[in-house]
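The values are calculated or read from the model by the stated rules, or taken from the named source; none is laboratory data. Predicted, not measured: the structure shown is a model, and the values here were computed from it. Please note: Cβ atoms are built from the backbone with ideal geometry, for glycine as well, and neighbour counts cover all protein chains shown. For the accessible areas, the whole protein counts, side chains as well, though only heavy atoms, and no ligand, DNA or RNA atoms are used. Shrake-Rupley method; radii C 1.70, N 1.55, O 1.52, S 1.80 Å.
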Amino acid sequence: MAPSDNKGTVTTTIKNTIATITFGHPASNSFPIALLNALISEFHTLSNNTEVNAILLQSEGEKVFCAGASFDELLAIETTAQGMTFFSGFANLINAMRNCSKIIVGRIQGKAVGGGVGLIAACDYAIGTEASIIKLSELSIGMGPFVIEPVVSRKIGKTALTEMTLAPHAWKSAQWAYQKGLFAEITPDIESLDQSVTTFVTQLASYHPEALVEIKKMIWEGTDHWETLLPERAQITGRLVLSDFTKNALKQFKK
């Protein structure tokens with residue numbers, strides 16, 4: 001499996017006990033494995049940083065929060081082992097966010113697809129805009145949202161997850177996502193999004209750090225089995241990505 005030529009970027013700034021993580025990739029903020037691993041490392045590092053009380057997660061640009069897995073790297077997968085390695089990146093990222101001792105707030109400025117929806121769901125609190133539409137497109141390319149299903153179902157419920165999964169071409173509005181619980185708040189535009197995010201995260205970071213750590217544990221109670229469940233789900237996707245159906249579908253999407 002050849003690595004992507006562009007690995008994307010992850011930058012972190014810390015100010016007033018708030019760590020702001022910004023990730024980006026030219027292909028609609030999609031995830032090659034290197035970018036997944038960089039984010040995982042960042043969450044592990046910040047989890048142990050006593051100078052940080054809260055984390056703000058955001059992406060570059062205005063229209064797309066995250067397009068999910070890198071199509072270039074999906075097409076480059078040639079063995080089940082490579083497939084397992086790639087999709088384990090998403091499993092490990094969700095687990096890193098779940099295990100991070102800091103509350104993670106998502107700034108969702110635009111649309112999200114597939115793994116991008118899983119990333120939103122893995123945030124402890126997410127604020128979006130009216131433009132933050134979402135879609136689970138995996139079935140349309142011969143796969144399924146197996147790795148992200150536990151974290152998405154935990155936020156919006158199995159019924160809503162099923163509705164999205166079986167209609168992979170259908171976008172769900174930000175209001176729908178808000179009503180289902182994926183977003184805690186919806187704002188009209190990016191300017192109001194930034195105002196809401198700044199106000200919320202600043203207030204959050206002012207609370208007792210030890211209380212925040214204990215609340216984080218409480219939020220994720222009952223998910224310890226994800227350490228094995230998510231890698232098991234990665235095996236399913238890693239196998240399906242090798243099918244002719246998926247390879248042909250990915251090529252059509254690339255055109």
Using a 1.4 Å probe, how large is the accessible area of residue 66, given in Å² and rounded to the nearest 10? 0
Of all DSSP beta bridges in the chain, antiparallel share, percent nearest 5: 25
Among (1) 13.1; (2) 12.3; (3) 13.9, the entry derived from the coordinates for mean projected area of the Cα convex hull in nm²: (2)
Run the reach check for residue 217 against lysines, Cα to Cα strictly under 17 Å, same-chain hits fewer than 8 apart removed. What comes back? 102, 155
Write down the percent of antiparallel bridges among all DSSP beta bridges whose residues are both part of the stretch 7-67, to the nearest 5. 55
Choice from 129, 45, 165 showing the highest fluctuation, given a GNM over the chain with Cα pairs closer than 10 Å: 45
Among the GluC sites (Glu not before Pro) in the stretch 1-73, which ones are in a DSSP loop with at most 12 other Cβ atoms within 10 Å of the Cβ? Mind listing them? 51, 62
Using alpha-carbon coordinates, inclination of helix 80-99 to the longest axis of the chain, degrees: 10
For the stretch 134-144, 3J(HN,Hα) per residue [Karplus equation, 6.51 cos²θ - 1.76 cosθ + 1.60, θ = phi - 60°, Hz, x = Gly/Pro]: 9, 7, 10, 9, 4, 4, 5, 10, x, 10, x
Which shape class, rounded, prolate or oblate, goes with the stretch 109-255 when its Cα gyration tensor gives a ≥ b ≥ c as root eigenvalues, a/c under 1.5 marks rounded, and past that a/b bigger than b/c marks prolate? oblate
Which of the three applies to the stretch 180-255, rounded, prolate or oblate, going by the alpha-carbon gyration tensor with a ≥ b ≥ c and a/c under 1.5 meaning rounded? oblate
The stretch 59-165: C-alpha gyration tensor shape, a/c 1.5 cut-off, then a/b vs b/c: rounded
With the full set of protein chains in place, find how many percent of the accessible area of the chain is carbon and sulfur; take the probe as 1.4 Å. 54
